[in-house]
Every structure is written in structure tokens, then in C-alpha cells.
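> Have a look at the structure that comes next, please.
The values are calculated or read from the model by the stated rules, or taken from the named source; none is laboratory data. As the structure is a computational prediction, the values presented were derived from the model and not from experiment. Here the Cβ positions follow ideal geometry from the backbone for every residue, glycine too, while neighbour counts run over all protein chains shown. We work out accessible area using only protein heavy atoms, side chains counted, and drop any ligands, DNA or RNA first. Shrake-Rupley method; radii C 1.70, N 1.55, O 1.52, S 1.80 Å.
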Amino acid sequence: MIQSIVTAFLSAVLIENFVLVRFLGICPFLGVSKKINTALGMGAAVIFVMGVASGATWLLQEYVLKSFKIEYLQTIGFIVVIAALVQFVEMVIQKTSRQLYQALGVYLPLITTNCAVLGVCLINVQKGSDLLNSFLYGIFAGVGFTLAIVLFAGIRERLEYADVPQSLKGIPISLISASLVSLAFFGFQGLIK
Amino acid sequence: MYEVVVAASVLGGMGALLGIGLSYASKVFAVEIDERVVQIRDVLPGANCGACGLAGCDSFADAVVQGKAQVNGCPVGGDAAAQKIAAVMGVEAAGVKRVAARVLCNGRCSVSTEKYIYRGLNDCFAAAQLFGGHKSCAYGCLGHGSCMAACPFNAIVITGGVARVIEDRCRACGKCVAACPKKLIEIVPKEKKYSVLCRSRDKGAVTKKNCEVGCIGCTRCVKACRYGAISMEGSLAKIDVEKCTGCGECTSVCPTMAIRKMDYDD
């Protein structure tokens, strides 16, 4: 049991990192990675949303879609449920904790139905995981996203002061560095046999 | 046919259920927003430019109501917006202190010494990463103009190797405060003209060696001030802007002219 969880963790965070290996969630990865602080906030929000969405969509898949034999409506059904759920959670957070809302809440609407979040849910279904494993995989995928975005934010903070050729300044050099980080992550392939 | 009906009704039902649930939740979890926040938000330009130093117009409106920002804090809206916000808050816009940024270092190239010759990027943060900058004084203005670049109103100039704020142009947005690696810039009331233009925490002798116009901690200004507005923080004099009357006594006794009257408006 523990061994399988560790394996799942390593595979979701390093080997099949959502951003750097599967290329999901590139939009927030490039958009919110200018500062380490905001990257951490975004990462926390993604971990949270991925965990919750994985659980919720598993329930939807098992008890609604399967029982009506309409599994082909997966994508649209998942989007509806995740969007509604995140909206709801945002409301609850705004009501209950102002600090948490400021730390996490502002990022929630940005990722309601991000492709990485939807990706986690669809991969869970493909794998045929049970509820607990789906939930864990969601959390781990979020951790992987956080790792990627925080690493990249650190690089971009340094890039601000680097002597970059005029034509590569800004987005081009960011994309080049992102691809190099991604290449580095491909080095983890084959870590688990 | 049957399949279509099932699919449509399940998805439609799900959407309706979630929609009703959400609208109910928005009532249950409604957060009471101070109506003044909404009113202030309406008179702001809504550009979310961040020139006030906050995340956007919503944050600014929130900060004003909480007393964390001043009614004239929106540089884009200017006096017109300030009047309206003041009306919402029930205060006089004219009674609000005009504030401006001030660079607390006067160590121009001609009066300060250098550790090494810096030939790197023209950026204070880059320079500060190399042994804390090229100035012998670890607290002084490096003069590469990161604050000047950050200023949206062209209110900062570099003269003689140190940054200066042209207070007429300054809207106290605070962007330069964040852009200074040495934390030399402070937002101060405009009418308080006298400032200790030094942030050196070194002992007097060390400061003296590094810079001719640094505060050497002689405490003469403390004794000279009749209003008790000056106190010592270690070996650095500090003027309490609340107590300062602007008599200028301290300037006349300061042996290094570290305390100056600010009249750089041009």
C-alpha cells in the first residue's frame, strides 16, 4: 500500500509531471510564474482544486455517468461539475476566512477548468482508479504542478537580471528556459520500472 | 432517440441542480461588502494599473475604507477622484496630508568613496548582488536608477550619482520604494521639508570614512531640537515627522550636513 503510494507520488510529481512532461496547464505555468510568492499561491490553489476535482469527478463517473451509460459525456460533465464546485468553494472561503481567500481565492477562478485539472480527472478514469487513489493522484499531480511552477518562477526571477539578447527578451527566453526545464524532467523517465 | 433524451436530461438536470445550488449558496455565503467600497470603486478609473501600490482598484477601494490608503492615493484619478472619494468617506480632501517619496541618501559620487569599479548591468539590484554594491557605504544609493525606471510619473532623476525625487511630480504610488534594493526611499509628508539624508547604521567613524555627508551619530541635532523631534537609532539620527515643526535648527548644527532641507522641486 505504502509502496504503491510512493510510486504514484514519484510518477505524478517527477516522471509524469503535468506541466513539464504531459504539457498540461501551460497557461498558468507561464502566466503566474513571475514571482515565487504568487507561484506558491497558485500551486496551493491547484493542489486543492485537483484533489477536490478528482474526488468529485470520480463520484460523478461512478454513480451518474456509468449508471446512465453516458460515459461519452465525461468531458462536458466533468467541466460542469468542477466549475460549479470551485465556485462553491470560493464562496465558502470568502465567507469563512479572509486571509485564506486572499492567499488562495484570487487564483481559484483562474483554474476552475484548467486543462491540467480536467486532465487529472480524465486520466483517473482511464486508469480505473478507486476513489482514494483518484484523490491522491489529484493531490500528487498538484504537487508536481507546484514544483514545476515554483522552479520556473525562481528561474524567471533570475532571468530578470540576466543579460538577454534584445530579440529574446521576455516571453521568448521564458519559453526557451521552460523547454530546458522540461528536458531536464524527461531525465526522470525510467526512474521506476 | 431514447439515448439522446437520457443524455440531455441528465446533463440538463445536473446543470440546473448545480445552478440552483450555487445561487442558493451565493445567498447563504454572501459576504457583506461595505457599501463605501462599492461607491469608491465606482469613482475610480478602473484601469487596475497598480500605480497606487496596491493590486488594483478593488484593493485600493478596500484599503481606503480600512484606513490603510489615503483618499488621494489614486494617482490616475488625481484630485477629481480624491474629492469624490473624500465625499464618500466623509472627510475633507484638502485636509489630507500630501505625501511624496524621498530618497534618504545624499552620498553623491563627489563626496563618497567606492569599493570597486562596477561595470555591470545598469540596475541597482544587479549591482547590489556583487558584495552589496560598489559603494564603500553598504547603505548608500547606488545610483543606477532602478527607482527611476520604476517611476510611472518621471518624478525621479539621478543627479551626481544619487536618486532624487521631484516632489511636484511625485504621486506617492510607492513603486520606487519597492524598487530600491537598499530600502532608501520613504513616503513622507510633503510639508515636512527636513530629513536625515542618511541610512548608514555603521559607527560614526566608519560612516565618516565612507562618505562626507553621512550621519555620524554625534547627537548634536538631538540636543539642538527644541521640540524633542529627533532621536537616535543606534548611530543614526531620526526625525519624528509628527513633532517636527520645520524650524531648521538641526540643519545648522549638523557637522556633516546630513540633515537637509528638501527643496529640489524643479
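> I'd like the Karplus ³J(HN,Hα) series for the stretch B:21-38: coefficients 6.51, -1.76, 1.60, θ = phi - 60°, whole numbers in Hz, and an x wherever there's a Gly or Pro.
x, 5, 5, 5, 5, 5, 6, 5, 9, 4, 8, 6, 9, 4, 5, 5, 4, 5
> How much accessible area does B:Thr245 have with a 1.4 Å probe, in Å² rounded to the nearest 10?
80
> Here's a follow-up. Please work out the FRET efficiency for the pair B:Lys223 and B:Gln129, using the Cβ-Cβ distance as r and a Förster radius of 51 Å; give the result to the nearest 0.05.
So the FRET efficiency works out to roughly 0.80.
> Give me a comma-separated list of calculated 3J(HN,Hα) values for the stretch A:49-57, in order, Karplus coefficients 6.51, -1.76, 1.60 applied at θ = phi - 60°, integers in Hz, x for any Gly or Pro.
The phi angles translate into 5, 4, x, 5, 5, 4, x, 5, 6 Hz.
> In debye, nearest 20: dipole of the protein assembly as shown around its Cα centre with unit charges on the Cβ of K, R (+) and D, E (-)?
1680
> Starting from the Cα of B:Lys115, draw a straight line to each of the lysines and keep only those under 22 Å, dropping any in the same chain fewer than 8 residues away.
B:Lys135, B:Lys182, B:Lys183, B:Lys203, B:Lys208, B:Lys209
> With the full set of protein chains in place, find how many percent of the accessible area of the stretch B:99-261 is carbon and sulfur; take the probe as 1.4 Å.
C and S atoms contribute 55 percent here.
> Tell me which of A:Thr96, A:Cys27, B:Gly234 sits at the most positive position along the dipole axis of the protein assembly as shown, charges placed on C-beta atoms (Lys, Arg +1; Asp, Glu -1).
Going by the charge dipole, the pick is B:Gly234.
> Another question, if that's okay. Of the accessible area of the stretch B:1-74, with the probe set at 1.4 angstrom, what percent is carbon plus sulfur?
Answer for the stretch B:1-74 is 61 percent, counting heavy atoms of protein chains only.
> Report, to the nearest whole %, how much of the accessible area of chain A belongs to carbon and sulfur atoms, 1.4 Å probe, protein only.
Exposed carbon and sulfur together represent 67 percent of the surface.
> Follow-up. For the stretch B:168-266, which GluC sites (Glu not before Pro) are in a loop by DSSP, counting at most 12 other Cβ atoms within 10 Å?
Sparse-neighbourhood loop GluC sites (Glu not before Pro): B:Glu191, B:Glu242.
> Follow-up question, since we're still on this one. Mind checking which of A:Val64, B:Ala178, A:Ile82 is farthest towards the positive end of the protein assembly as shown's charge dipole, using Cβ charges of +1 (Lys, Arg) and -1 (Asp, Glu) about the Cα centre?
Going by the Cα projections, it comes out as B:Ala178.
> Am I reading the A/B interface right? What is its buried accessible area, both sides, 1.4 Å probe, to the nearest 100 Å²?
In total, chains A and B hide about 1700 Å² from solvent.
> With every protein chain left in place, what is the accessible area per residue of the protein assembly as shown in square angstrom, probe 1.4 Å?
Using a 1.4 Å probe on heavy atoms only, each residue of the protein assembly as shown averages 52 Å².
> Take the alpha carbon atoms of the stretch A:157-189, find their center, do the same for the stretch B:130-174, and report the distance between the two centers in whole angstrom.
One Cα centre to the other: 30 Å.
> Give me a comma-separated list of calculated 3J(HN,Hα) values for the stretch B:214-224, in order, Karplus coefficients 6.51, -1.76, 1.60 applied at θ = phi - 60°, integers in Hz, x for any Gly or Pro.
Per-residue couplings from phi come out as x, 7, 9, x, 7, 6, 5, 5, 4, 6, 6 Hz.
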